[in-house]
Amino acid sequence: MLHTDCPHYYRFGKDGESEQEFLDRIVGSLRDLIEREGPDTIAAMIAEPVMGAGGVIVPPAGYYPAIQKVLDEHDIMMIDDEVINGFGRTGNWWGSQTLGMTPKTISAAKQLTSAYAPLGAVMVPEDVYQAYVDHSRTIGTFGHGFTYGGHPLGCALGVKAIEIYQRRDILGHVRSLIPLFEKRLTKLAEHPLVGEVRHCGLMGGVELLADKATKRPFDGKSGVGPKCAGFCEKHGAILRAIGDTIALCPPMIITEDELNELFNRLEKALDDCEAWVSTQGLRQAA
Ligand SMILES: Cc1ncc(COP(=O)(O)O)c(C=O)c1O
């Protein structure tokens, strides 16, 4: 498995490089990688429309249409990981719709049952399915399975969750909250501890930095992210630190008042964390 460039302009854009130039560079680098390795040796590229557990990384506008052109030219499939993005998180059923990705296959889990029961799913088109069928016939069995694959409990809950999403127009609700979510998140960028804020739908990331002007991160051993998550918990908000990025992924049924409450608590935690960082002298360059 090979990795291509991370589409995070704030972190990986070079000095003086515009976002468009960054995009052109990483698309070119993907093309070089494919041609160097040999397109016939590459079956697929796997991507998550907005990287969730990778730090809430929102790629530059036009990223997916640009890389898919390269993939299509070389007959390489796009596998879309919608485990976090799927079922409304970005304001559409699929993150790929929000980000302009046209995947060949989709994998999904989490919100498929609203997480009330374990269920994962893979969606494949007819030609991919047919390849499985043809090969299964040559070996006499469908040689792939999980102990609880297709378990009726998970499947029944999945069907019910989707019915509730539709009946209660959860996607419409998510979309109605996005402006407030973006507004409150964007305001956090003014905080002395915050370098970048990133968001897509009801996913947000708040990256904490030692020096905003130079984008210098804290020493990895300082543990600023987990400490900040601890301050959040003290103020009654359970948020996850991914390194020094505080990730927000509120329940899709959250109300405007609750969302404001979440940000009020996060702001208090950031103030506490700023005070802690100062008393510990964690801003000094290593
Ligand atoms: C984007 C993404 N893909 C895949 C997985 C793994 O999913 P599962 O545990 O359902 O196999 C996760 C788990 O958090 C995830 O966040």
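Values quoted throughout were computed directly from the atomic coordinates according to the rules given, and no laboratory measurement underlies them. Values in this document were obtained by computation on a predicted structure and should not be read as measured data. When we count neighbours, we look across all protein chains shown, and the Cβ atoms used for this are built from the backbone with ideal geometry, even at glycine.
Some points to look at:
- Flag for residue 128 being exposed (fewer than 12 other Cβ atoms within 10 Å of the Cβ) and in contact with a strand residue (DSSP E or B) (Cβ under 7 Å, 6 or more places away or on another chain): no
- Residue satisfying all of: in the stretch 95-110; more than 13 Å from residue 79 (Cβ to Cβ) and more than 11 Å from the ligand (Cβ to nearest atom); surrounded by the most Cβ atoms within 10 Å (Cβ to Cβ) among these: 99
- In the stretch 111-123, the residue that is nearest to the ligand (Cβ to nearest atom) out of those that are surrounded by fewer than 18 Cβ atoms within 10 Å (Cβ to Cβ) and assigned to a loop (DSSP other than H, G, I, E, B) is 120.
- When restricted to residues that are part of a helix (DSSP H, G or I) and over 23 Å from the mean Cα position of the chain (by Cα), the stretch 29-53 contains 10.
- The stretch 54-94 - residue that is β-branched (Val, Ile, Thr) and within 16 Å of the ligand (Cβ to nearest atom) and, of those, farthest from the chain's Cα centre (by Cα): 79
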